[in-house]
Amino acid sequence: MDRATTGIKGLDKLIGGGIPRNHSVLLTGSCGTGKTILSLQFLHQGAVAREPGLYVTFEESRDKILSQACEFGWDLEKLEREGLLEVYVVETFDMEDVLESIKEKVRKLKARRLVIDSLTVMLEHGVVYHSRISKEMSAVSGEKRVFKFPEEGHNITRKDIYFVVKEINKLNTTSLLISEVAEKSEYLSRDTISEFACDGVILLRTSELGGEIERLLSVRKMRGTEVQITLSPMKFTKDGIIVE
Ligand SMILES: Nc1ncnc2c1ncn2[C@@H]1O[C@H](COP(=O)(O)OP(=O)(O)OP(=O)(O)O)[C@@H](O)[C@H]1O
Ligand SMILES: [Mg+2]
């Protein structure tokens with residue numbers, strides 16, 4: 001199987017060399033566990049190997065992302081100029097269709113890697129719901145319709161989640177979909193469904209031992225791959241994340 005290396009040797013070793021190409025992997029963990037940094041490392045690794053990547057963020061500013069990457073020596077702006085990367089900050093939810101914009105950018109960039117930071121926010125803002133309903137309405141009426149629905153009161157359904165994962169899978173990118181969970185949650189995502197819809201799940205967490213906090217990574221699922229289910233220590237170095 002053709003695989004996309006993550007740039008984190010210890011992680012690649014756990015998953016048979018990398019993430020199977022065109023799979024969507026849920027990267028989940030509570031706040032500050034390293035989801036954003038790991039996903040930027042994945043895109044940086046791809047870009048230097050001349051595999052263009054798209055980073056989609058719903059909540060962080062462009063400057064914060066660029067300077068965070070800079071701390072590890074990753075010059076994202078240079079990669080952008082070379083057409084190997086794009087940081088897409090979704091600024092409004094009052095848009096025709098965020099999924100359509102992602103599709104268009106992937107096509108233009110010839111992106112082979114994609115990060116959505118985060119799937120949780122994307123689902124919660126009803127972007128997916130609007131897109132799905134708009135598509136269904138357009139199909140029925142035979143003309144493009146944009147359906148907008150009050151965000152309050154809409155619960156994310158299994159149908160919404162499978163819809164977005166299916167749309168992302170159609171892009172033919174190897175994708176990291178970031179999922180936010182509460183610190184001591186027994187689930188792998190807040191919606192408790194995303195982990196089933198994705199091809200793989202990587203969990204980041206911390207553990208307290210004798211007053212010290214340790215960062216841990218575990219691969220909970222990776223379709224088509226023999227996975228070593230372990231809790232591997234994860235560290236930040238000046239060059240990025242390492243997994244031991
Ligand atoms: N240069 C660095 N060296 C060491 N650790 C760092 C460095 N930069 C950030 N960190 C650590 O990484 C943590 C944040 O990582 P990251 O932003 O990837 O987490 P996250 O899981 O995306 O968090 P959130 O859910 O809040 O978005 C910080 O809390 C900090 O402890
Ligand atoms: Mg983050």
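The values are calculated or read from the model by the stated rules, or taken from the named source; none is laboratory data. For clarity, every value in this text was computed on a predicted model and none was experimentally measured. Neighbour counts are summed over all protein chains in view; Cβ atoms, including those assigned to glycine, are modelled from backbone coordinates with ideal geometry. For accessibility, only protein heavy atoms count, side chains too; no ligands or nucleic acids. Shrake-Rupley method; radii C 1.70, N 1.55, O 1.52, S 1.80 Å.
How far, in degrees from 0 to 90, does helix 98-109 lean away from the longest principal axis of the Cα atoms of the chain, to the nearest 10?
60 degrees
What is the ratio of the Cα radius of gyration of segment 24-205 to 2.2 N^0.38 Å, where N is its residue count, to two decimals?
Normalised Rg, Cα atoms only: 1.02.
Sorted by accessible area (1.4 Å probe), largest first, how do 120, 5 line up?
5, 120
As an exercise, use a Förster radius of 30 Å and the Cβ-Cβ distance of residue 80 and residue 59 to find the FRET efficiency, rounded to the nearest 0.05. All intermediate terms of the calculation are to be shown ahead of the outcome.
Working: r = 20 Å, r/R0 = 0.66.
For R0 = 30 Å, the calculated efficiency reads 0.90.
Rank these by accessible area, largest first, 1.4 Å probe: 167, 86.
Numbers: 167 10, 86 50 Å².
In descending accessible area the options line up as 86, 167.
Roughly what angle does helix 158-169 make with the longest principal axis of the chain, taking Cα atoms, 0 to 90 degrees, to the nearest 10?
Tilt relative to the chain: about 70 degrees.
Given 78/238; 110/159; 78/103; 13/64; 103/144, which pairs have Cα atoms separated by over 26 Å?
110/159; 13/64
If you filter segment 43-114 for trypsin sites (Lys or Arg not before Pro), then keep DSSP loop positions with at most 12 other Cβ within 10 Å, what is left?
Those satisfying the criteria are 50, 110.
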